[in-house]
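These notes concern the structure reproduced below.
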Amino acid sequence: MLLITAMMVLAYAIQQDSGPALDRSVASLRSMRVKLGAHQQYTPFVGEVWNTAMVVRAAMRAGKDPSDPHLKPAIDWLLARQIRKDAPRSWQNPRAGAPRQGGWSFEATNVFNADCDTTAAVISALSLVLERSDRDDVRKAVERGVAWLLPMQNPDHGWPSMTRDNGKVAQEPFFTKPMQQPADLLAMLKLAIERPPEVTDPSTAGLTGRVVEGLVLAGVSPYHPALTHVPDFFAKQRIGERWWGRWGTNYVYGTACVLRGRQALQLDPNAEAQASGVAWLLARQNEDGGWGEDTVTYARPEASGPWPSRPDLTGNCVQALVDIGLGQHPAAHRAVHYLLDNQRATGAFRGAHGSLVVLPPDTFYRNPLLEIVTVLEGLAAWTGAARGGWAPTPHAEQAAQWTAALKRGDRAGDAVVRGLFEGGELKDVNALFRRLTANGQPLPDDLPPAVQTLFDTDAALPEDVDQDRIANAERLFGDYGPQIIASLFFAALPYAYAIHKGAAVLAGTGELVGDVARRILKTALFVTAVAEGGGMQPDGGGVRAAQKVRLIHAAVRHLCTTQLDWDIEANNLPINQLDLVATALSFSLITSDSVIALGVPLTDQEQEDWLYLWVVVARLLGAEPELLPSTIAEARALDGWIRRTQHGPSDAGRRLTEALLDWVRSFIHWAPLRQLPELMTHFLSGPTIAEAIGVPMPKGGRAIIAVFRAADAIFARLLRHHRALEWIMAEVSRRVIAAMIRDASQGADLSLEIPPALRARWRVNPR
């Protein structure tokens, strides 16, 4: 805004125009003049949207009613400032399909280019409004803001200010070579035109902390996949015991923001990073109770002060201490007394001037309103904590529920298997199982009573099961079976193998490594029995297949806990309740996401119905219904928690994966595709899982994946719905399925029967 106005003044002056337009422009420039001690500069921004968002946020934390006649117009004004016009995709977020509207910009006059920090501030404020109001327009605005903000995340898992993937090195300032004379219009114009490589917008820790806090306040689960690796980003951005700040000054601000972000993610408060960050922040508190820092630390990080206390930084630190559970710490009390003792009669606060950093280290501006608002929010947070104390959030309660599930098995199934072992009847039951294939098939008379009771209980699906949704999922399997099975190899199974404690159980059975073909065949049989047309009807075999698997799982738990030296406290219960839910997740969410990544145009409803099928199956496997996700959003939250807490490297996971990929590779005879198993594991599972299970990126693999994606785009444009990856993986999967059918005859008790109708649709020829 400053540049545009100044250039207009210059143009008018050249034309020797002394009319009203020039007078108004000069007046506008004068209004932007700010004095900071002996220093004078012109404020380059106004920031009405940011200011209003922070005022609303502070008022809500102070307990104001959103219908207050002074507050409601501000809320309505924020809603009207949401960007609803498409921004230039190539500038802010070049990714295909990324939302081009839905965020908020710093200034009201900017109707195209939103920024992450302002958007996070607005959705935070509006989310607090929703805690006391049921306004549908506010809810929809928050949803649009979240939808714009999430895809702005950089590949390093942090957030930039306003342009995605435009940073060379983390911890770099926005401008690595800042202008020495910010008021030099020619210099500013030259910089804007040339856009040199020094102009970057990397992810920064402080801003990411603010964004994470805003997203979680807006209802995004801290276990959402986008947030799963943010802790790793914080760790990489750490500078000693502190974090670099963006927009606020500097390490004090950045560290406070990261601590709040870590709290929003519900990370371990006793972790070394958290503890050392808190210790560093407390050590920087001045004797008067406040915190201060000068912008010189951007240019000279070693400069440690002490700096005069600033109300804005002190307010930020009070908020951080309250959020991380230290609201009653003596440091918080001293800070509150500093703020109260230094408030003027006007409501403003004495102390060093605060500033928002624009181009570190030399370009910044003062915002007196923000100094007041930041203090107000800090005091409101401290007062609220003093009144009500801390209580677990719904997310924390959910995490505790998931954690407890790691120690629980299938009570009914375990009781049946325990009785079979004690009565020596397991061998007879196995023999009977071979004859029991159809859901509606009468149970044999010689079945042990306990088994008969369990099977009778689950023989008919619960009355609340929606058969129409199951039929939709079956049609999906009929249409895209080869791609679904390919996703099984490169996404679903690797996802399970990355659960390092569960992988030890799978590897311990020996079959997955020693006879991988047999084990994968069993998995394929199970998926086919469940998802083929009519698999959950009386003539199908899906229910019976699930019942058999349930007892097999119970048998594994029994053997591990009674015949092996299994430490449940350290390694969790084998095939526990969470493992059952994770299995359903791998066959549903992980598989459907992978199919979409291969170019299959699944609708949201198709994804939901595919999840629904496997939730029903999980109930048949003995999973507790209250643990199962009912929507894709709930599934993603659980997925994020599993990735953060259960995934990790293990020797068992690496051995399982190696056996799987070697087996798949045995069906690939064309040399250029020999690296396909590794490439597709990286592509569909992601680098984090691939690294955990020991899958190296082949030489030139990133370039090959880039070629795949380029070919996808070409195919999509030329052939509309057909994509290169979809075609390649479908073809590979057809060959593997055909080979599995041929090889299944090696086991007398196994045969992979694909219904003729599906064979024809999938174009599978086992000969």
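The values are calculated or read from the model by the stated rules, or taken from the named source; none is laboratory data. From a predicted model like this one, the values you see are computed outputs, not experimental measurements. Heads up, the Cβs are rebuilt from the backbone with ideal geometry, glycines too, and the neighbour counts pull from every protein chain shown.
Among the residues of this structure, THR363 does not count as one that is at pLDDT below 65 and in the same structural domain as LEU628 (by TED's automatic domain parsing).
Every listed requirement among (1) surrounded by fewer than 19 Cβ atoms within 10 Å (Cβ to Cβ); (2) of a type in the set (Phe, Trp, Tyr); (3) more than 34 Å from the chain's Cα centre (by Cα) is met by TRP307 save one, (1). Scanning the stretch 288-302 for residues that are surrounded by 15 or more Cβ atoms within 10 Å (Cβ to Cβ) and either at pLDDT below 85 or under 19 Å from TRP247 (Cα atoms) (or both) yields TRP291, GLY292, GLU293, ASP294, THR295, VAL296, THR297, TYR298, PRO301.
Selection of helices (runs of 4 or more DSSP H) fully inside the stretch 491-596 by the criterion of at least 3 residues being out of contact with any Lys or Arg (no Cβ under 8 Å at 6 or more places or on another chain) returns 493-497, 500-508, 516-531, 542-563, 577-585. One residue alone among ALA226, ALA218 is within 13 Å of the chain's Cα centre (by Cα), more than 20 Å from THR297 (Cα to Cα) and not assigned by TED's automatic domain parsing to the domain that holds LEU585, and that residue is ALA226. Screening the stretch 596-608 for residues that are in contact (Cβ under 8 Å) with a residue 60 or more places away in the chain and aliphatic (A, V, I, L, M) and picking the one that is surrounded by the fewest Cβ atoms within 10 Å (Cβ to Cβ) gives LEU602.
Results for (1) within 20 Å of PRO574 (Cβ to Cβ); (2) modelled with pLDDT of 80 or more, shown as yes or no for each residue.
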site	(1), (2)
LYS501	yes, yes
VAL505	yes, yes
GLY514	yes, no
VAL527	no, yes
GLU532	no, yes
VAL543	no, yes
GLN547	yes, yes
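Might you check whether a residue that is farther than 27 Å from GLY648 by Cβ and modelled with pLDDT of 90 or more occurs anywhere in the stretch 170-192? Within the stretch 170-192, none of the residues are farther than 27 Å from GLY648 by Cβ and modelled with pLDDT of 90 or more. Filter the stretch 372-404 down to the residues that are among the hydroxyl-bearing types (Ser, Thr, Tyr) and surrounded by fewer than 22 Cβ atoms within 10 Å (Cβ to Cβ), then identify the one that is modelled with the highest pLDDT. Going through the qualifying residues, I end up with THR403.
Just to be sure I understand the filter: pairs with C-beta atoms under 9 Å, separated by 6 or more residues or on different chains, first member in the stretch 520-533 and under 13 Å from PHE489 (Cα atoms), second member among the charged types (D, E, K, R) and part of a loop (DSSP other than H, G, I, E, B). Which pairs pass? Every condition considered, no pair remains.
Residue-wise test of (1) buried (at least 22 other Cβ atoms within 10 Å of the Cβ); (2) in contact with a Phe, Trp or Tyr (Cβ under 8 Å, 6 or more places away or on another chain); (3) within 23 Å of ASP268 (Cβ to Cβ).
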residue: ASN572; (1), (2), (3): yes, no, yes
residue: LEU578; (1), (2), (3): yes, yes, yes
residue: SER594; (1), (2), (3): yes, yes, no
residue: VAL616; (1), (2), (3): yes, no, no
residue: GLY622; (1), (2), (3): yes, no, no
residue: GLU634; (1), (2), (3): no, no, no
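Looking across the stretch 245-271 at every residue that is free of Cβ contacts under 8 Å to residues at least 24 places away in the same chain and not polar (S, T, N, Q), the one that is nearest to THR118 (Cα to Cα) is identified as ASP268. Give the residue that is nearest to VAL49 (Cα to Cα), with candidates limited to residues of the stretch 71-109 that are in a helix (DSSP H, G or I) and at pLDDT below 80. The selected residue is GLN92. Kindly evaluate ALA491 against the criterion of being touching a residue at least 12 places away in the same chain (Cβ under 8 Å) and in contact with a His (Cβ under 7 Å, 6 or more places away or on another chain). Criteria not met by ALA491.
Of (1) touching a residue at least 40 places away in the same chain (Cβ under 8 Å); (2) surrounded by 21 or more Cβ atoms within 10 Å (Cβ to Cβ); (3) not small (Gly, Ala, Ser), LEU611 satisfies all except one. Which? The single condition LEU611 does not satisfy is (1).
Under the condition of being over 19 Å from VAL336 (Cα atoms) and aromatic (Phe, Trp, Tyr), the residues counted in the stretch 281-324 number 1. Within the option set ASP137, ASP117, being in a helix (DSSP H, G or I), over 21 Å from VAL212 (Cβ atoms) and either in the same structural domain as PRO66 (by TED's automatic domain parsing) or not charged (D, E, K, R) (or both) holds for one residue only, ASP137.
Just to be sure before I move on: is LEU559 over 19 Å from the mean Cα position of the chain (by Cα) and touching a residue at least 40 places away in the same chain (Cβ under 8 Å) in the structure I sent? The answer is no for LEU559. Restricting to the stretch 623-657, give me the number of residues that are more than 12 Å from ALA503 (Cβ to Cβ) and part of a helix (DSSP H, G or I). Residues that pass the stated criteria total 17.
Please verify whether the stretch 252-259 includes one or more residues that are surrounded by fewer than 24 Cβ atoms within 10 Å (Cβ to Cβ) and either within 15 Å of the chain's Cα centre (by Cα) or more than 17 Å from PRO160 (Cα to Cα) (or both). Looking through the stretch 252-259, none of the residues is surrounded by fewer than 24 Cβ atoms within 10 Å (Cβ to Cβ) and either within 15 Å of the chain's Cα centre (by Cα) or more than 17 Å from PRO160 (Cα to Cα) (or both).
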